[in-house]
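Written out below as structure tokens is the structure these notes cover.
The values are calculated or read from the model by the stated rules, or taken from the named source; none is laboratory data. Predicted model, so just to flag it, every value in this text is computed and none were measured. Cβ: placed from backbone, ideal geometry, glycine included. Neighbour counts: every protein chain shown.
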Amino acid sequence: MLDSVAMPTLVEQPRFEVNYDARAGKYTAMLSLEGAVTFREASELRRRLLEAIEAHPDRNLVVELSKVDRFDTAAMAVLLEGLILTHEQGPEIFLVGANDAVTKVFRLAGFEEALLRCFGCMDDVHRQINR
């Protein structure tokens, strides 16, 4: 007689979405991240981030992070690379809506200074740009 064995259910992987909107404003373009942004997604994030920077070298770039539910040091490294690159070449990157999942990684890694580029909402970014 065979006993019935419960089969484990597959856990759905969190979504990682990158949406790019060049119409975010006269002076900004926007890259919206959603879901898990970890080492698995870091290369795609890097590709999309560099594309956005190269496509509009005259515009600041806003990276929207409010829908990120997991974030690790690989993702942080990509954002730091973008922050350094834009600091050297021109328009800036602004991080918007970073939740605890994001800010905790920056703080634990000792990169709190990068959080100075982090704002609560787009209005805060526009005020910073128009100073």
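A few comments on the model shown:
- Taken together, the criteria place LEU115 among residues that are aliphatic (A, V, I, L, M), more than 22 Å from GLU44 (Cβ to Cβ), within 16 Å of the chain's Cα centre (by Cα) and in a helix (DSSP H, G or I).
- The residues listed here are SER43, SER32; of these, the one that is closer than 15 Å to LEU79 by Cβ, hydroxyl-bearing (Ser, Thr, Tyr) and in contact (Cβ under 8 Å) with a residue 24 or more places away in the chain is SER32.
- Within the range 43-95, being in a strand (DSSP E or B), out of contact with any Ser or Thr (no Cβ under 9 Å at 6 or more places or on another chain) and surrounded by fewer than 16 Cβ atoms within 10 Å (Cβ to Cβ) holds for one residue alone: ASP69.
Results for (1) more than 17 Å from ARG117 (Cβ to Cβ); (2) among the hydrophobic types (A, V, I, L, M, F, W, C), shown as yes or no for each residue.
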{"position": "GLU41", "(1), (2)": "yes, no"}
{"position": "ALA55", "(1), (2)": "yes, yes"}
{"position": "ARG59", "(1), (2)": "no, no"}
{"position": "GLU64", "(1), (2)": "no, no"}
{"position": "LYS67", "(1), (2)": "yes, no"}
{"position": "ASP72", "(1), (2)": "yes, no"}
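- The set of residues in the range 100-112 that are exposed (fewer than 11 other Cβ atoms within 10 Å of the Cβ) and in a helix (DSSP H, G or I) contains only ASP100.
- Every residue from the range 77-131 that is in contact (Cβ under 8 Å) with a residue 12 or more places away in the chain and of a type in the set (Val, Ile, Thr): VAL78, THR86, ILE93, VAL96, VAL102, THR103, VAL105, VAL125, ILE129
- Residue match in the range 22-39 (condition: modelled with pLDDT of 80 or more and not in a strand (DSSP E or B)): yes
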